[in-house]
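Contents: one structure, followed by commentary.
The values are calculated or read from the model by the stated rules, or taken from the named source; none is laboratory data. Just so it is clear, the model here is predicted, and its values are computed rather than measured. In this analysis, Cβ positions are derived from the backbone assuming ideal geometry, glycine residues included, and neighbour counts consider all displayed protein chains.
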Amino acid sequence: MDITKSQLNINHLKMICTIASSDTVKDAAESLFITQPALTNRIREAERRLNTNLFVRRGRKLIISSAGKRLLHSAKKILEELGRAEYDIARLSDGVEQVLRIGLPHYASFKWLPAVVNYFNQELPKIELEITAAAATQPLNALYNGDVDIAMISSARQRLVLDDNAYESIFLLEDELLACLSKNHKKADRSFLLAQDFSDETYITNSTIPEKDREYDLFFKPEKILPRKVLQVGFNEAIIELVKVNIGLTIMSKRLIEPYLKDNDIRTAKLGKRGLKIYWHLVYLKQNQIAKPAKILTDILKQQS
């Protein structure tokens, strides 16, 4: 495909993204700092160049067509990548030689973060760290697409099986998934819980999307059991506060929940009689500029374990 033959420009991409997220044509025009007639002309120009309708007008609202949805999908990716490039270039001009994006899942512990940031600030000041959740659900895709440079992944296996030609994987440490309950919960005195013990419970989680090698995949799915009710809360600390007052129970890794056990308001129990181990890894694409900081990051994380 010859990219020099593209019919659209950045203004057209911004236009379709803005219209898709706006309630009315007037709102979209104001967001783009142009008049409504100018926006209408820009839509017509894009449709003329593509020889297809991108929107259908319904009153004051523009409804995106199938062709418009396809363009919107690519426009979002292009504008996001352009934004990242502009940010990186701006930082490079300020003396930063490399922006290192570390992708973490929402259930990761951040106890190690101050040590990592301090080390990079003091020893590697030309590398700027950026911590992001862009790799939360599909870390390998995020790496491949360039959304992150390094991804922290938990797995049911101590050795990750990946494409060795593309990815480098480093084992960090062993962890364990634990049930977390209020001290006042009727099951708080148990040393372990089975999947059946959750069937009559409210389960509090930060994601209702089943993730590979996490509690749904490893604990609930094999027994074909789900909690009676699932309450999604987007922040770990909020989940912990709800568990404390016995609104429900949750599952967290041992390293994540440990700092919150000091006040004795929360009890933990193993998942199954033998417990449920998980293993943390760092994964990155095989690129020379990533290998050295990844090794440094690995050493610090192991020291913090």
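In the stretch 197-217 there is at least one residue that is at pLDDT below 85 and at positive phi. Of all residues in the stretch 247-305, which are of a type in the set (K, R) and touching an Asp or Glu at 6+ places or on another chain (Cβ under 7 Å)? Of everything in the stretch 247-305, those that are of a type in the set (K, R) and touching an Asp or Glu at 6+ places or on another chain (Cβ under 7 Å) turn out to be K254, R255, K277, K286. Of the residues making up the stretch 52-74, those that are touching a residue at least 12 places away in the same chain (Cβ under 8 Å) and of a type in the set (A, V, I, L, M) are L54, L62, I64, A67, L71, L72. Collect the residues in the stretch 237-250 that are of a type outside the set (G, A, S) and crowded, with 19+ Cβ neighbours inside 10 Å, keeping them in residue-number order. Across the stretch 237-250, the qualifying residues are I239, I240, V243, L249, T250. One residue alone among K254, K292, K277, K286 is touching a Leu at 6+ places or on another chain (Cβ under 6 Å) and surrounded by fewer than 20 Cβ atoms within 10 Å (Cβ to Cβ), and that residue is K254. Within the stretch 259-305, the residues that satisfy the criterion of being assigned to a loop (DSSP other than H, G, I, E, B) and of a type in the set (D, E, K, R) are K262, D263, D265, K273, R274, K286. Set side by side, the residues L100, L72 differ, and just one is buried (at least 17 other Cβ atoms within 10 Å of the Cβ) and over 25 Å from L285 (Cβ atoms), which is L72. For A151, are the conditions met, namely being at pLDDT 80 or above, closer than 24 Å to Y279 by Cβ, under 12 Å from the mean Cα position of the chain (by Cα) and part of a strand (DSSP E or B)? Considered against the rule, which asks whether it is at pLDDT 80 or above, closer than 24 Å to Y279 by Cβ, under 12 Å from the mean Cα position of the chain (by Cα) and part of a strand (DSSP E or B), A151 comes out as yes. From the list S191, S182, S154, the one residue that fits, being in contact with a strand residue (DSSP E or B) (Cβ under 7 Å, 6 or more places away or on another chain), in the same structural domain as K111 (by TED's automatic domain parsing) and in contact (Cβ under 8 Å) with a residue 60 or more places away in the chain, is S154. Taking the stretch 14-27 as the range and being in a helix (DSSP H, G or I) and either within 22 Å of I78 (Cβ to Cβ) or over 34 Å from the mean Cα position of the chain (by Cα) (or both) as the test, the residues that pass are K14, M15, I16, C17, T18, I19, A20. Checking the stated criteria, E30 turns out not to satisfy the condition of being without any contact (Cβ under 8 Å) to a residue 24 or more places away in the chain, under 25 Å from the mean Cα position of the chain (by Cα) and in a helix (DSSP H, G or I). Does S182 satisfy the condition of being closer than 23 Å to Y260 by Cα, surrounded by 15 or more Cβ atoms within 10 Å (Cβ to Cβ), among the polar types (S, T, N, Q) and over 19 Å from the mean Cα position of the chain (by Cα)? Criteria met by S182. Taking Q36, is it of a type outside the set (D, E), modelled with pLDDT under 90 and surrounded by 12 or more Cβ atoms within 10 Å (Cβ to Cβ)? Yes: the conditions hold for Q36.
In the stretch 108-125, of all residues being assigned to a loop (DSSP other than H, G, I, E, B) and of a type in the set (A, V, I, L, M), the one that is surrounded by the fewest Cβ atoms within 10 Å (Cβ to Cβ) corresponds to L124.
Give me the residue from the stretch 215-236 that is among the charged types (D, E, K, R) and out of contact with any Pro (no Cβ under 9 Å at 6 or more places or on another chain) and, out of that set, surrounded by the fewest Cβ atoms within 10 Å (Cβ to Cβ). Spell out how you get there, then give the answer.
Let us first name the residues in the stretch 215-236 that are among the charged types (D, E, K, R), namely 215, 217, 221, 223-224, 228-229.
From what is left, the residues that are out of contact with any Pro (no Cβ under 9 Å at 6 or more places or on another chain) are 215, 223-224, 228-229.
On the way: E215: 24, E223: 13, K224: 7, R228: 11, K229: 11.
Checking each candidate, the answer is K224.
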